[in-house]
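See structure below.
The values are calculated or read from the model by the stated rules, or taken from the named source; none is laboratory data. This structure is a prediction, so every number in the text was calculated from the model and none was measured. Positions of Cβ are backbone-derived with ideal geometry, glycine not excepted, and every protein chain shown enters the neighbour counts. We work out accessible area using only protein heavy atoms, side chains counted, and drop any ligands, DNA or RNA first. Shrake-Rupley method; radii C 1.70, N 1.55, O 1.52, S 1.80 Å.
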Amino acid sequence: MASLHIDHLLGLQNVPKEDITLILDSTDTFLEILDRPIKKVPTLQGKTVVNLFFENSTRTRISFELAERRLSADVVNFAAGSSSVKKGETLLDTARNIEAMKVDIVVMRHSAAGAGHFLSKRCTSRFINAGDGAHEHPTQALLDMCTLRQKHGSLDGLNVCIIGDIAHSRVARSNIYGLLTMGADVAVCGPPSMMPYDLEKLGVRIFHDVDEALQFSDAVNVLRIQLERDAGADFPTLREYNQTFGITRDRLDRLGREVTVLHPGPINRGVEIESEVADGPYSVILPQVTNGVAIRMAVLYLIGTKAE
Amino acid sequence: MASFLFKNARMVDPVTGLDTEQDLLIVDGTIDKLGPSLSASDSEEIDLKGKTIVPGLCDMHVHFREPGFEHKEDIRSGAASAAAGGFTAVACMPNTDPPIDNASVVAYIYEKAKGLPVDVYPIAAITKERKGEAIAPMVELRKAGAVGFSDDGSPVHNTKVLRIALEYASMFDVPVIQHAEDPHLFTGGSMNESIVSTELGLPPIPRLSEDAVVARDIMFTEYVNGRYHLAHMSTIGAANAVRAAKEKGLHVTAEVAPHHFALTDEAVRSYDSNVKMNPPLRTADDVRAMKEALRDGVADVIATDHAPHAGFEKEVEFVYAPFGIIGLETAVGLSVTELLLEQWLTLPQLIEKLSTNPRRIIGLPELRIEEGQRANLTLLDLAAEWTVDVHRFKSKSRNSPFHGRALTGRAIGIFNNGQLVLAD
């Protein structure tokens with residue numbers, strides 16, 4: 001069996017194509033397990049996984065936890081709210097204390113970009129990044145790529161556009177890195193005030209007109225507008241955002257052809273995406289969620305069983 | 001009577017134009033004789049063949065953290081770090097607790113530094129409590145011995161306060177020293193805005209934050225005929241603005257920190273918080289512009305912005321780490337390696353940036369290597385090849401991004417206040 005070049009999954013930037021392909025291929029095996037009446041295999045029996053979540057998350061944490069349990073790992077959940085972090089302990093001290101209890105894999109979500117890089121250099125566990133600030137969210141991008149592959153057969157030459165607040169999005173960055181590595185043509189769309197500096201240097205096309213972006217696209221990945229952060233800061237009103245960049249049935253009808261619609265969730269109906277689109281025939285939003293569990297099983301398996 | 005005889009040293013003095021290999025005899029802290037083949041009984045004789053003696057170096061931008069943050073550095077450990085780096089004088093910034101915004105804190109610093117081989121000069125705050133709202137009692141502070149005014153760590157952003165500060169301080173022969181940053185553009189930023197911040201997803205600090213404030217400040221300086229010194233210049237835009245100001249003949253000077261000519265923001269890819277400072281590391285184009293600014297005299301001074309932090313404070317997530325790195329013990333090596341050997345500066349020019357110009361800007365007496373002058377000297381080994389090891393630093397802190405870097409050139413000692421301090 002092939003094994004990964006990477007020791008930790010901190011992001012998709014600089015992850016070789018063979019590794020991404022291996023994860024996506026392995027996912028197919030785990031998807032099959034999820035269709036069985038007994039959705040559990042002994043792959044990670046005896047391994048301990050800690051879910052270290054310093055930022056609120058429901059679906060990503062549940063998805064990881066299900067993946068871990070279905071691989072028969074021992075699972076411990078750590079949420080910042082109930083922890084010593086509130087008492088002023090540093091991240092490094094927290095991680096070292098948990099590690100001293102002999103864990104194998106740490107799944108971490110943190111509001112600070114690079115938190116996984118920081119810890120992985122100072123600890124001995126394997127790290128899987130479940131989202132670090134505006135940096136990366138590699139398992140989300142992998143599940144997006146898995147879903148696109150199911151729908152379109154191959155990522156090579158596929159035109160994918162990510163729509164929304166690219167500057168603050170870890171989902172966008174991981175998708176850009178992963179999709180480019182896999183040979184897709186990647187574009188982004190949103191107001192210039194939501195584009196990070198010099199983004200075009202990454203090799204992505206930039207649209208400010210959502211209809212032009214749709215013309216380009218085989219698939220669009222619609223990012224959640226973070227209501228608490230963005231309204232009034234990087235664009236004037238939700239109404240204006242919806243009218244200018246929202247993915248509506250009307251826009252898709254005018255396009256006159258099918259375009260696959262992804263969304264990392266949770267969705268703001270009527271803001272970045274219209275209900276009819278989210279629930280419509282082109283939407284793969286629920287398959288994304290199912291694939292998410294299988295992708296995380298594949299990643300946990302490949303990272304957790306890689307020889308030292 | 002203590003006397004020291006330095007034999008066979010190359011002596012370089014940019015003020016007198018001296019560049020010669022001779023002997024130098026110091027008696028009671030004063031240069032007694034300068035000439036070939038000197039001898040003196042009862043003197044401590046040191047052979048400096050192949051070494052260089054220059055006027056004592058001066059770092060006009062350090063943070064010695066006392067009073068208030070002595071776990072990072074104090075005046076004694078800071079001075080030891082300065083001596084090890086070849087500096088006989090430093091000017092320490094007022095972001096202490098309490099801040100240096102009244103004469104008693106100025107006096108406290110002079111008291112703490114008394115008797116040390118390194119002269120420690122306080123820079124006082126521009127505004128009360130460094131809040132940027134109302135100017136501090138500058139006359140009283142200047143009389144107590146403050147050598148400049150700065151709210152360093154924070155900008156003076158309010159334009160009315162800036163105008164009053166520049167006007168009021170124009171009574172003195174020392175400058176208002178600005179930490180040029182736009183607080184709105186800066187908010188929450190932790191590295192330079194570039195393709196690197198875009199890739200890393202770290203909150204960016206645009207160069208515009210520095211450029212816009214420098215351009216504005218120069219307008220104010222011209223309008224009120226003030227005296228303005230730009231701390232830690234780091235951008236092409238700021239350098240262009242200072243260049244234009246100098247061409248107009250304004251009282252505008254600028255300093256560059258070694259890390260801004262020795263590192264680019266590519267270093268942040270490590271997420272190592274020891275490359276986090278403010279202003280942040282910029283692009284390769286900015287680094288080149290800083291070298292050109294030094295070469296062309298747009299930047300008058302090399303100053304370290306020595307900013308010690310304890311290990312536990314820096315060993316955290318990049319965005320949560322405090323800004324700042326220490327610089328006193330690597331400044332000479334970085335300057336020699338990056339500027340002298342790369343022929344951006346001649347040795348006399350380098351000594352101007354590290355001694356003559358900063359002393360002039362903060363109103364300290366001019367140093368000359370001449371008979372009858374007080375001996376205030378730095379001893380350099382310009383050919384020494386060494387590797388930076390933070391564990392050997394005299395500073396209390398270890399937050400340097402240069403650990404492990406191979407450098408050429410280092411200070412081997414200082415002589416000041418009648419005391420000879422030789423490096424380990």
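Figures for the structure shown
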| quantity | calculated |
| --- | --- |
| Verdict on A:Ile295 being out of contact with any Asp or Glu (no Cβ under 6 Å at 6 or more places or on another chain), outside any loop (DSSP other than H, G, I, E, B), in contact (Cβ under 8 Å) with a residue 12 or more places away in the chain and of a type outside the set (Asp, Glu) | yes |
| Some residue of the range A:50-57 being assigned by TED's automatic domain parsing to the domain that holds A:Cys123, open to solvent by less than 60 Å² (accessible area, probe 1.4 Å) and assigned to a helix (DSSP H, G or I) | no |
| Residue count for the range B:287-315, restricted to those that are within 14 Å of chain A (Cβ to nearest Cβ) and open to solvent by less than 20 Å² (accessible area, probe 1.4 Å) | 3 |
| Residue match in the range A:61-77 (condition: crowded, with 19+ Cβ neighbours inside 10 Å, under 26 Å from B:Lys314 (Cβ atoms) and more than 14 Å from chain B (Cβ to nearest Cβ)) | no |
| Some residue of the range B:205-215 being within 25 Å of A:Gly131 (Cβ to Cβ) and out of contact with any His (no Cβ under 7 Å at 6 or more places or on another chain) | yes |
| Single residue of the range A:166-185 satisfying the filter (open to solvent by less than 10 Å² (accessible area, probe 1.4 Å) and of a type in the set (A, V, I, L, M, F, W, C)) that is farthest from the other protein chains (Cβ to nearest Cβ) | A:Ala184 |
| Enumeration of residues in the range A:200-225 that are among the polar types (S, T, N, Q) and either within 14 Å of another protein chain (Cβ to nearest Cβ) or over 22 Å from the mean Cα position of the chain (by Cα) (or both) | A:Gln215 |
| Selection count, the range A:191-240, where residues are under 25 Å from B:Leu208 (Cβ atoms) and assigned to a helix (DSSP H, G or I) | 9 |
| Count of the range B:316-346 residues which are in a helix (DSSP H, G or I), touching a helix residue (DSSP H, G or I) at 6+ places or on another chain (Cβ under 7 Å) and either within 14 Å of another protein chain (Cβ to nearest Cβ) or not hydrophobic (A, V, I, L, M, F, W, C) (or both) | 3 |
| Single residue of B:Ala257, B:Ala245, B:Ala267, B:Ala241 found to be closer than 27 Å to B:Ala321 by Cβ and more than 14 Å from chain A (Cβ to nearest Cβ) | B:Ala257 |
| Residues of the range B:173-208 that turn out to be part of a helix (DSSP H, G or I) and either out of contact with any helix residue (DSSP H, G or I) (no Cβ under 7 Å at 6 or more places or on another chain) or within 14 Å of chain A (Cβ to nearest Cβ) (or both), as a count | 10 |
| Hits in the range A:106-135 - residues which are in contact with a strand residue (DSSP E or B) (Cβ under 6 Å, 6 or more places away or on another chain) and at the interface with chain B (Cβ under 8 Å from one of its Cβ atoms) | A:His110, A:Ala113, A:Ala115, A:Asp132 |
| Members of the range B:92-106 that are in contact with a helix residue (DSSP H, G or I) (Cβ under 8 Å, 6 or more places away or on another chain) and buried (at least 24 other Cβ atoms within 10 Å of the Cβ) | B:Cys92, B:Pro94, B:Ile100, B:Asp101, B:Val106 |
| Residues that are open to solvent by 40 Å² or more (accessible area, probe 1.4 Å) and either part of a loop (DSSP other than H, G, I, E, B) or of a type in the set (S, T, N, Q) (or both), drawn from the range B:154-172 | B:His157, B:Asn158, B:Thr159, B:Ser170, B:Met171 |
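Rundown of residues vs (1) closer than 27 Å to A:Leu34 by Cβ; (2) at pLDDT below 95, yes/no style:
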position: A:Ile225; (1), (2): no, yes
position: A:Arg229; (1), (2): no, yes
position: A:Phe245; (1), (2): no, no
position: A:Leu252; (1), (2): no, no
position: A:Tyr282; (1), (2): yes, no
position: A:Ile285; (1), (2): yes, no
position: A:Val289; (1), (2): yes, no
position: A:Lys306; (1), (2): yes, yes
